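Here the structure comes first, spelled out in structure tokens, and everything after it is commentary.
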Amino acid sequence: MSIKGKPVTSAPPLLKNASAAPFVYFDNAPLYGIVGLGIEVELTAATIVPKADGTIAREAVCVSHLRCSPHAALALIDSLQKAIEMNKNQASSLAAQAAEVAKAAPADKAT
């Protein structure tokens, strides 16, 4: 509902306990499924593991078991798509700025 043609804007949600919530870093989401009406996604990250022969190996380790409702999954998809768009816009802006700097820099002259 709006008042005098102005759309209703909502303030960002206040997040209790935000400073104590863990950060989850992941490289991949290789496994997914459903149980009943719930969505399941396993998140993994790459790690380096030393081997007995002195070499190292990269392995994927599970970092989180994501469980949510379909509604929450759609909200997550929406937030991720918006964040990706923000990232693309920032990358484009930085590339344009770098091009301007390169264009303005004096060319090296060989003697």
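The values are calculated or read from the model by the stated rules, or taken from the named source; none is laboratory data. What you are looking at is a predicted structure, and each value in this text was computed from that prediction instead of being measured. Heads up, the Cβs are rebuilt from the backbone with ideal geometry, glycines too, and the neighbour counts pull from every protein chain shown. Just the protein is used for accessible areas: all its heavy atoms, side chains included, with ligands, DNA and RNA removed. Shrake-Rupley method; radii C 1.70, N 1.55, O 1.52, S 1.80 Å.
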Q. Hey, what number do you get for the chain at 222 nm if only DSSP H runs of n ≥ 4 count, each worth -39500 (n - 2.57), divided across all residues, to the nearest 500?
A. -11500 deg cm²/dmol
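Placing +1 at every Lys and Arg Cβ and -1 at every Asp and Glu Cβ, with all other atoms neutral, what dipole size does region 32-96 have around its Cα centre, in debye to the nearest 20? Show your work: numbers first, answer last.
Numbers: 5 positive and 6 negative charges, 25 e Å.
Dipole of region 32-96, to the nearest 20 debye: 120 debye.
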Q) Percent of accessible area on region 32-96 owned by carbon and sulfur, 1.4 Å probe? A) 64 percent
Q) Most fluctuating residue of Leu14, Leu66, Leu76 in a GNM of the chain with Cα springs under 10 Å: which is it? A) Leu14
Q: Would you work out the relative contact order for the chain, in percent, from Cα pairs under 8 angstrom that are 6 or more residues apart?
A: 16 percent
Q) Rolling a 1.4 angstrom probe over the protein heavy atoms, how many square angstrom per residue are accessible across region 32-96? A) 77 Å²
Q) Which of Lys51, Lys88, Lys16 moves most in a GNM of the chain, Cα contacts under 10 Å? A) Lys16
Q: Choose one answer from Asn89, Asn17, Asn28: the residue with the largest mean-square fluctuation in a GNM of the chain with alpha-carbon springs under 10 Å.
A: Asn17
Q: Specify which residue in the list Ser69, Ala105, Gly36 is farthest towards the positive end of the charge dipole of the chain, using unit charges on the beta carbon of Lys, Arg (+1) and Asp, Glu (-1), about the Cα centre.
A: Ala105
Q: Enter the per residue convex hull volume of region 39-111, computed from alpha-carbon coordinates, in Å³ rounded to the nearest integer.
A: 129 Å³
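What is the antiparallel percent of DSSP beta bridges lying wholly in region 32-96, to the nearest 5? Write down the numbers at each step before the final one.
Working: 16 of 16 bridges.
Counting DSSP beta bridges with both partners in region 32-96, the antiparallel share is about 100 percent.
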Q) Taking the Cα centre of the chain as the origin, how large is its charge dipole in debye, to the nearest 20, when only Lys and Arg (+1) and Asp and Glu (-1) carry charge on their Cβ atoms? A) 520 debye
